[in-house]
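*Asks:* Sharing a structure below in structure tokens format, with a few things to ask.
The values are calculated or read from the model by the stated rules, or taken from the named source; none is laboratory data. Since the model is a prediction, treat every value here as computed from it, not as a measurement. All Cβ positions, glycine included, derive from the backbone under ideal geometry; neighbour counts span all protein chains shown. Quick note on the areas: whole protein, heavy atoms, side chains included, nothing else; ligands and nucleic acids left out. Shrake-Rupley method; radii C 1.70, N 1.55, O 1.52, S 1.80 Å.
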Amino acid sequence: MADNSLKAFIIQEMHDGLWFWDLKQTDNLWVSPEFWESLHFDPAQRPHSREALLNLLIDEDLSKAASLSFDMLDEQDFGYDQVLRFENNEGGITHFRCRGHLIRDDRGRPHRLLGVLRDLTSTASIESFKDAASFRATTQGAYRMHSDLQHFIYSMSHDMVSPLRTASAALSEVKYALDTGNLQDATELTEMCEASVQRMLVLLGDMRNYFLHAQPSESCHELISSKETAHAVVEDLRAVIGEYDAAVEIDCQHDIIGHPSQIRVVLQNFTQNAIKFGSLNGPVSVKISTTPLPGTAKIRLSVSDDGPGIPSHQLNGIFQPFARLHLRRDVPGSGLGLSICSKIAENHNADIGVETLPDGGCRFFLDIAGSHSS
């Protein structure tokens, strides 16, 4: 190429150095001046040898360079592409992407290796920053999860003790009743024991769901019909609705984005709580609805009731594990339902909350991404 300035321009724009390796005389490895200049060396003072290059290679990357074996050179689809780190003349680290193209002789045997070098140091610095930020976020997330787990285990052990003690005491009394021939007492005590075991089964099932939804799912980006989900939930709760003589209205006109089964769990928990706790003073009316949030791309999926509402002192910790909306034991549940909903909201980068309504009752809501076509 006669125009040296044009040649220099092309070399600078396309790569940061060339390398040429003689496979017949393996110590003969030529590297272009641009490479040495990137490492802040005077090219005139650097020998053209494989040893000179390897002496600057970071020890941990020697195995990468050694992966270029002569067995690989016999492969027809040979390709060499590695990112290697070299110590520069200022004591720092320079990252190079090294790519090689094999040149064969007339008989098809490996003869020379021509390569290009690309300085990736600036990119590597950005990646290191991203890795550090990611590590920090992961550490903070792990600490938060550890703290949540500690609270969960403590609360779980406390909540499991009561039914276990009841079952243990009832079994002792059953044995005594059978020994004395008092079958009526034995029957009643057995029923008490069965109820305690059933409560433990509910707790264990909800504990499983809690940990099942503690981690984000890879499929939280599906298009979901809120209307179809609401109708499915109402069908699932048909027996509970009949038991509490509740009326459920559905006004869901907007599609949302998320994990179908997890959103169904949230809506079922919201609706079931509205029915059970809203019915403390008699039959309750429940409404499942969706509303676009102005100025955002989110949809508010909510369940409201006209029941007695929730005392203000209970609102702060309502989404904590084992929190109970009321202290009445005749309302079944483990106290894990809303904490499961909170985990699901976190998985979806959604907001979850509860508010007291002016005319009585309350509204639980999930603010989640909505479909653009809604």
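*Asks:* Counting only residues 5 or more places away or on other chains, whose amide H sits under 5 Å from the amide H of Ser49 once H atoms are built in the peptide plane?
*Replies:* Leu29
*Asks:* Using only protein heavy atoms and a 1.4 Å probe, report how much of Arg99 is accessible, in Å² to the nearest 10.
*Replies:* Counting only protein heavy atoms, Arg99 exposes about 100 Å² to solvent.
*Asks:* From largest accessible area down, sort Leu201, Leu114, Leu315, Leu102; use a 1.4 Å probe on the protein chains.
*Replies:* Descending order: Leu201, Leu114, Leu315, Leu102.
*Asks:* Continuing with this model, one more query. Find how much the distance from Asp245 to Gln45 grows on full extension, using 0.36 nm per residue of separation minus their present alpha carbon separation; answer in nm with one decimal.
*Replies:* Numbers: separation 200, 0.36 × 200 = 72.00 nm, distance 9.21 nm.
Between Asp245 and Gln45, full extension yields an extra 62.8 nm.
*Asks:* I would also like to ask the following. Please work out the FRET efficiency for the pair Leu357 and Asp179, using the Cβ-Cβ distance as r and a Förster radius of 51 Å; give the result to the nearest 0.05.
*Replies:* On the way: r = 57 Å, r/R0 = 1.11.
The pair Leu357/Asp179 has a calculated efficiency of 0.35.
*Asks:* When all protein chains stay in place, what accessible area (Å², nearest 10, 1.4 Å probe) is found for Thr271?
*Replies:* Rounded to the nearest 10, the figure is 0 Å².
*Asks:* Nearest 0.05, what FRET efficiency do Gln25 and Ile93 give at R0 = 25 Å with Cβ-Cβ as r?
*Replies:* 0.25
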